[in-house]
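The values are calculated or read from the model by the stated rules, or taken from the named source; none is laboratory data. Being a predicted model, the structure only gives us computed values, none of them experimental. Here the Cβ positions follow ideal geometry from the backbone for every residue, glycine too, while neighbour counts run over all protein chains shown.
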Amino acid sequence: MPAATITTTTMTTNTNPAALLRLLAWLSPAFPTGGYAWSHGIEWAVEAGDIANAETLRLWLENILRHGAGRTDAILLRHAHRAAADIEALTTLAALARALAASRELLAETTAQGNAFRAAAAAWNPDVLTRLVGDLPYPIAVGALAGAQGIAENDATLGVLQAFAANLISAAVRLVPLGQSAGLAVLAALEPAITAIAAETQSAGLDDIGSLTWRADIAAMRHETQYTRLFRS
């Protein structure tokens, strides 16, 4: 019997201390982007019974990461990172990111956090962000500033994917409810998916953006008229 072949994917990351400190600050739960206020439709999914425990939460989030907003945001962030010196290209990317939002609340989710990120990042003199007018989607804001300030594209992509998952797990911990230990176990279980998505999107073009998360999109739309709501999406 032939030996099994194991394929691994590696990514070059930036370990510059200043770059790492900035990225950790920007993606910290304490950074005032208001991420805690949004559930990305999870609130409706919990009420509908789609998410009832740690395993159904893991499956829901992995689907969003691999086939929905996680993958889409990773591609958008990478292109914003590369276009950090091109305001016209960033403006076009921001318009595309807004158009890709599947519902009113998901559009508000990405632009509210992007606008808040732009305001909160003022301490780092984010010239590239202040030159962008209008509502700014979150992956465009983070990607552009990371690119302008020399933070490695792969580091920023991994960080945003992990922070996105962590925010949604935090919402689910309160909604299901789940214990903190169960939430952390879900986050740990999502690590392979996060690293795979980051690797797969390195060479992705804008034409490669697509979504297959219909149930999650429906959840986000139905949340708009949900009778009792704790979250904004």
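Remarks
- Top-ranked residue in the range 195-227 [being hydroxyl-bearing (Ser, Thr, Tyr) and over 13 Å from residue 105 (Cα atoms); ranked as surrounded by the fewest Cβ atoms within 10 Å (Cβ to Cβ)]: 227
- Residue in the range 165-174 that is assigned to a loop (DSSP other than H, G, I, E, B) and either among the polar types (S, T, N, Q) or closer than 24 Å to residue 190 by Cα (or both) present: no
- Among the criteria (1) part of a helix (DSSP H, G or I); (2) surrounded by fewer than 21 Cβ atoms within 10 Å (Cβ to Cβ); (3) in contact (Cβ under 8 Å) with a residue 12 or more places away in the chain, the one residue 150 does not fulfil is (1).
- Every condition in (1) within 19 Å of the chain's Cα centre (by Cα); (2) part of a helix (DSSP H, G or I); (3) modelled with pLDDT of 95 or more holds for residue 20 except the one numbered (3).
- All conditions in (1) at pLDDT below 95; (2) of a type outside the set (Asp, Glu); (3) under 18 Å from residue 97 (Cβ atoms) hold for residue 125, with the sole exception of (3).
- Test: residue in the range 123-130 that is under 14 Å from the mean Cα position of the chain (by Cα) and in a helix (DSSP H, G or I): no
Matching residues to (1) touching a Leu at 6+ places or on another chain (Cβ under 9 Å); (2) part of a loop (DSSP other than H, G, I, E, B); (3) closer than 24 Å to residue 101 by Cα; (4) of a type outside the set (Asp, Glu):
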residue	(1), (2), (3), (4)
155	yes, no, no, no
160	yes, no, yes, yes
207	no, no, yes, no
227	no, yes, yes, yes
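- Of all the numbered requirements in (1) assigned to a helix (DSSP H, G or I); (2) at pLDDT 95 or above; (3) more than 20 Å from residue 172 (Cβ to Cβ), residue 105 misses one, and that requirement is (3).
- Test: residue in the range 111-122 that is in a loop (DSSP other than H, G, I, E, B) and either farther than 20 Å from residue 69 by Cβ or modelled with pLDDT under 95 (or both): no
- Checked against the criteria, residue 116 counts as in contact (Cβ under 8 Å) with a residue 24 or more places away in the chain and crowded, with 18+ Cβ neighbours inside 10 Å.
- Qualifying residue in the range 54-76 (condition: farther than 27 Å from residue 174 by Cβ, crowded, with 20+ Cβ neighbours inside 10 Å and modelled with pLDDT of 95 or more): yes
- Of everything listed in (1) of a type outside the set (Asp, Glu); (2) within 28 Å of residue 189 (Cα to Cα); (3) touching a residue at least 60 places away in the same chain (Cβ under 8 Å), the single unmet condition for residue 80 is (2).
- Residue list for the range 164-177, restricted to those being hydrophobic (A, V, I, L, M, F, W, C) and either surrounded by fewer than 20 Cβ atoms within 10 Å (Cβ to Cβ) or in contact with a Lys or Arg (Cβ under 7 Å, 6 or more places away or on another chain) (or both): 166, 173, 175, 176
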